[in-house]
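Let me begin by presenting the structure, written as structure tokens, before commenting on it.
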Amino acid sequence: MTNAWLPPEQYIETIARATSYACLYFTDVASRPFQLRSHNEGEVWQWAGGNLERGETPWDAARRECLEETGINFQGTQRLLGVHFIPERGNWPANHIGFIFDGGELTDTQLSQVRLTHEHTEWRVATVDEWRREMSPVKFNRLKAIHAARETRTIAYLESL
């Protein structure tokens, strides 16, 4: 690394690259987490969300992806529950950073109106303990940390190394 000033297009080549995702974390009125089963990876349960598009903020991406994936047009307040860092790995040549926002509680009526796309095969609500049996330890720990952040009104920082 040199101490000389570099133009932005050259400097950017010297620092870590990252892609990013954003999602909304919902529970039902009994505080049971709401998740979607991935169509591509059937054993993967995830929250409504996805990768940011060029020029999009994490908040806008979370709301857009939620609408696209569930039909829920979230109009609630912007409240960050956690940030998730995933380092560059074999099948992804950049770091991946996630922003998890609080989607609040879904009523039985709202749950009955969820409309899935081709990206997911089903949705489910279950207690945190019930999710433990359905998820890999890494993904479950993320769920548990985000659920706790919501309950304690704190922000979780997670690393999947």
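The values are calculated or read from the model by the stated rules, or taken from the named source; none is laboratory data. The structure displayed is predicted, hence computed values, not measured ones. We place every Cβ from the backbone using ideal geometry, glycine too, and count neighbours over all the protein chains shown. Heavy atoms of the whole protein, side chains included, go into the accessibility calculation; ligands, DNA and RNA do not. Shrake-Rupley method; radii C 1.70, N 1.55, O 1.52, S 1.80 Å.
Of everything listed in (1) closer than 14 Å to residue 45 by Cα; (2) under 17 Å from the mean Cα position of the chain (by Cα), the single unmet condition for residue 86 is (1). Reported count of residues in the range 119-130, each being under 18 Å from residue 104 (Cα atoms) and open to solvent by 50 Å² or more (accessible area, probe 1.4 Å), is 3.
Residues are listed down the side, and each one gets a yes or a no for (1) in contact (Cβ under 8 Å) with a residue 12 or more places away in the chain; (2) open to solvent by less than 70 Å² (accessible area, probe 1.4 Å):
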position	(1), (2)
22	yes, yes
35	yes, yes
41	no, no
51	yes, no
86	yes, yes
95	yes, yes
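Selection of the range 131-146 for residues being open to solvent by 70 Å² or more (accessible area, probe 1.4 Å) and without any contact (Cβ under 8 Å) to a residue 24 or more places away in the chain yields 132, 133, 137, 138, 141, 144.
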